Amino acid sequence: MAKILLVDDDKSILTLLKLVIKQAGHEVSLATDGAQALTQTLAEKPDLIVADVMMPKMTGYEFCKRVRANADTKHIPVIMFSARFQPIDKKTALDAGATDYLPKTIAHSDLVKRIEELLASSSAASPQAKNETIGFLSLRGGTGVTSLAINVAVALSRAKKVDTALVDLIPLGGHAALMLGLRPTSHVTNALFSNNHNLTMDTLKPHFMQHSGLQLLASAVSYEQRLPLQNSRLEQLIALLKSAFHFSIFDIPGNILEPAFGAFLGQLDKIVLVFSPDMPSLQSTAITFQGLMQMQVPESKIMLVANQVMPQGALPVDTIQKAIKRPIAAYIPFEPDMITAINGRNPLLLSSPKSAGAGAIARLASML
Amino acid sequence: MGIIRPIARTVAMSTADFFTGSYRFSASLITNNRSVKEVLSDRQTEYLSLVDIYISRINTPGDIIATYQRGVLVKEEINFIVLSSEIDGSKERAHLPSQIFVPVLLTLPTFEVVGKFQWQGGLDAKRILATDLQQFLPVLDATVRNAFLPTVHFESPMVLVNKTKIQIICTSDAS
């Protein structure tokens, strides 16, 4: 979720845009003129600003120049959004420091898409951006956790254009390599245990495989090579990847929910707890949540994500949230193209990038 | 500043760019639920009531030099009006079999307009100038360029050109 400041003297436009952007999962604050917007920008430090050009007291151009002139705010992306839509207007806006310039006649979906793109690129470029380690976890199978982890990793790698690692920690026969159409030449077991000394990036590097900007550590494919989950090595792995990659995505097996792995889970910056919107999965999720709490994983690190893997019979979001007594961070709708993507060994984000499911996954990625 | 709504025929105001020889006025025209074209063709008044006016000089048309809440614009002084959508002008582009799109170049004081006329039957430019009742002619898919500063140009699905300012109309065969 990002903080977005909307600036327009037309309150009906503010109301409409607030609704649209909130629906995309962002926090929205409003300002009705450039001067007020400048005060709010300094106080709130929004992640992105959408500003009209034609406003009384201070035009959008002047507002943008002042945002850029302040060291604390100069990095904030500003979309200028105006009924003045001529090429010269775009040039004037860009000269004033706007990140992009869009006509007010643009479809709301296109505005939201541009916001997501700019948020993704700005978080990668921001001086405050820090490397993140994110675990994808589901206590039970059948929730689509692996396909979600893969597609989020692809989205992060492509949209944010940053180094992204994907680690399949399923001890044996994990599906990440298969779903990416890769034949593993090495695997996590080799990466962690072929060297008796401390792990380094140099010892890890030969075991990575590349796919669309991703660096994959695959799961073992034969019983002899299964991954012995050992806490100290996993902790070292997280620390190393965190130092080397902007994003490290871990597909975590459900059986890691044991006290011995508390430190490992606690070391992750975020845990995406994936469930399908049905009663058995909700029950598992509630139990997993309880387990994570007992393992001292801070609740603030846990993101609940509903992934609808069946076309019908999904529980409504309200029912889900009441049952698990917490808000869900994202809902991935049923996507018929997902199974085609899996069978075609090509992630949904690449095979059907315009599908509703891909859009929802991209939005989830932008929240990470 | 109000968005140019695609169903502007039913709103009280419509935003557009009004160009005289020296200035660009980005403003909302009070239409009282008529189309921009209908307001312009209203022979009962020589003036347009504008609100939220943002003024630019024509040599730097991106820079806003002043803003005012209200103003009255003399219709006769307008060279052309740039709309963001042709629906704002009057009607959706009709697709009658007999309708043709005629490539056209018009010149105005300090501006040249390249685009298309939508016409039914054979185009008679003299008749348009002499007898057509509308003071503003719609030019579709238009690009307007300043004759002295050719890099300064404006684009729109529809430009409304003040007929009394036209110096020449040049046409080619219909497309």
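The values are calculated or read from the model by the stated rules, or taken from the named source; none is laboratory data. Computed from a predicted model, the values in this text were never measured in an experiment. Glycine also receives a Cβ, built like all others from the backbone with ideal geometry; neighbour counts cover every protein chain displayed.
The table below lists the values:
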{"item": "Pairs, first at the interface with chain A (Cβ under 10 Å from one of its Cβ atoms) in the range B:149-167, second of a type in the set (Lys, Arg) and in a strand (DSSP E or B), C-beta under 7 Å, six or more apart", "result": "B:153/B:145"}
{"item": "Hits in the range B:119-144 - residues which are surrounded by fewer than 17 Cβ atoms within 10 Å (Cβ to Cβ) and within 14 Å of chain A (Cβ to nearest Cβ)", "result": "B:143"}
{"item": "Strands (runs of 3 or more DSSP E) wholly inside the range A:184-261 containing at least 1 residues that are surrounded by fewer than 16 Cβ atoms within 10 Å (Cβ to Cβ) and of a type in the set (S, T, N, Q)", "result": "A:209-211"}
{"item": "Which listed residue, of A:271, A:287, A:324, is of a type in the set (Val, Ile, Thr) and modelled with pLDDT of 85 or more", "result": "A:271"}
{"item": "Long-range neighbours under 7 Å by Cβ, at least six apart or interchain, first residue crowded, with 16+ Cβ neighbours inside 10 Å within the range A:326-344, second among the charged types (D, E, K, R) and assigned to a helix (DSSP H, G or I)", "result": "A:330/A:363"}
{"item": "Some residue of the range A:24-31 being within 25 Å of residue A:363 (Cα to Cα) and within 13 Å of chain B (Cβ to nearest Cβ)", "result": "no"}
{"item": "Of all residues making up the range A:15-36, the number that are of a type in the set (A, V, I, L, M), touching a strand residue (DSSP E or B) at 6+ places or on another chain (Cβ under 8 Å) and within 23 Å of residue A:120 (Cα to Cα)", "result": "4"}
{"item": "Output for the range A:176-185, where each listed residue is under 21 Å from the mean Cα position of the chain (by Cα) and touching a residue at least 60 places away in the same chain (Cβ under 8 Å)", "result": "A:176, A:179, A:180"}
{"item": "Selection within the range A:14-35 - closer than 13 Å to residue A:60 by Cβ and either among the polar types (S, T, N, Q) or surrounded by 19 or more Cβ atoms within 10 Å (Cβ to Cβ) (or both)", "result": "A:31, A:32, A:34"}
{"item": "Number of positions in the range A:264-292 that are part of a helix (DSSP H, G or I) and under 23 Å from the mean Cα position of the chain (by Cα)", "result": "11"}
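Each row is one residue, and each column tells you yes or no for (1) within 19 Å of residue A:5 (Cβ to Cβ); (2) of a type in the set (S, T, N, Q); (3) modelled with pLDDT under 85.
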{"position": "A:67", "(1), (2), (3)": "yes, no, no"}
{"position": "A:70", "(1), (2), (3)": "yes, yes, no"}
{"position": "A:77", "(1), (2), (3)": "yes, no, no"}
{"position": "A:82", "(1), (2), (3)": "yes, yes, no"}
{"position": "A:89", "(1), (2), (3)": "no, no, no"}
{"position": "A:100", "(1), (2), (3)": "yes, no, no"}
{"position": "A:156", "(1), (2), (3)": "no, no, yes"}
{"position": "A:161", "(1), (2), (3)": "no, no, yes"}
{"position": "A:164", "(1), (2), (3)": "no, yes, no"}
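Here is a yes/no grid of residues against (1) over 12 Å from the mean Cα position of the chain (by Cα); (2) acidic (Asp, Glu); (3) at pLDDT 85 or above; (4) closer than 18 Å to residue A:4 by Cβ:
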| residue | (1), (2), (3), (4) |
| --- | --- |
| A:105 | yes, no, no, no |
| A:108 | yes, no, yes, yes |
| A:112 | yes, no, yes, yes |
| A:116 | no, yes, yes, yes |
| A:120 | no, no, no, yes |
| A:131 | yes, no, no, no |
| A:136 | no, no, yes, no |
| A:143 | yes, no, no, no |
| A:152 | no, no, yes, no |
